[in-house]
Amino acid sequence: MSESERTQSYNRFDILSYEASTPLVAVFKKLYATVVPAYVIPQNLLEGESGAKLFYLTFGVGLKL
């Protein structure tokens, strides 16, 4: 079987998704930690594409020199 590809051109801009996030930072002397919770709501999906609302967390740690 061969795979076919279809290309379409659009003349307008559409939002791909809405995302809300709030960084939280904790500092202790020279050490810091960050947590960034985020919530994503996909918009304007392509035909045949599925998307669901998504909640995710990003973690980070660092050392200030």
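What follows is calculated from the coordinates using simple rules that are stated; it is not laboratory data. Since this is a predicted model, take the numbers as computed values, not measurements. Neighbour counts are summed over all protein chains in view; Cβ atoms, including those assigned to glycine, are modelled from backbone coordinates with ideal geometry.
Just in the chain: which GluC sites (Glu not before Pro) are loop by DSSP and have at most 13 other Cβ atoms within 10 Å? If you can, show how the numbers build up before the last one.
Details: sites: Glu3, Glu5, Glu19, Glu47, Glu49; in loops: Glu3, Glu5, Glu47, Glu49.
Taking the chain and a limit of 13 other Cβ atoms within 10 Å, the loop GluC sites (Glu not before Pro) found are Glu3, Glu5, Glu47, Glu49.
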For the range 1-63, listing chymotrypsin sites (Phe, Trp or Tyr not before Pro) in a DSSP loop whose Cβ sees at most 15 other Cβ atoms within 10 Å gives Tyr10, Phe13
Selection from Ser21, Gly48, Gly60 lying farthest towards where the dipole of the chain points positive, charges on Cβ: Gly60
So how far apart, in nm, are the two label points at Tyr39 and Glu5 if each is 7 Å from Cα heading toward Cβ? 3.8
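If you put +1 on each Lys and Arg Cβ and -1 on each Asp and Glu Cβ, how big is the dipole of the chain around its Cα centre, in Debye rounded to 20?
Values: 6 positive and 6 negative charges, 138 e Å.
With only Lys, Arg, Asp and Glu charged at Cβ, the dipole is about 660 debye.
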Plugging the Kirkwood radius over Cα pairs into Stokes-Einstein for the chain, at a temperature of 25 °C and a viscosity of 0.890 mPa s, what D comes out in µm²/s? 157
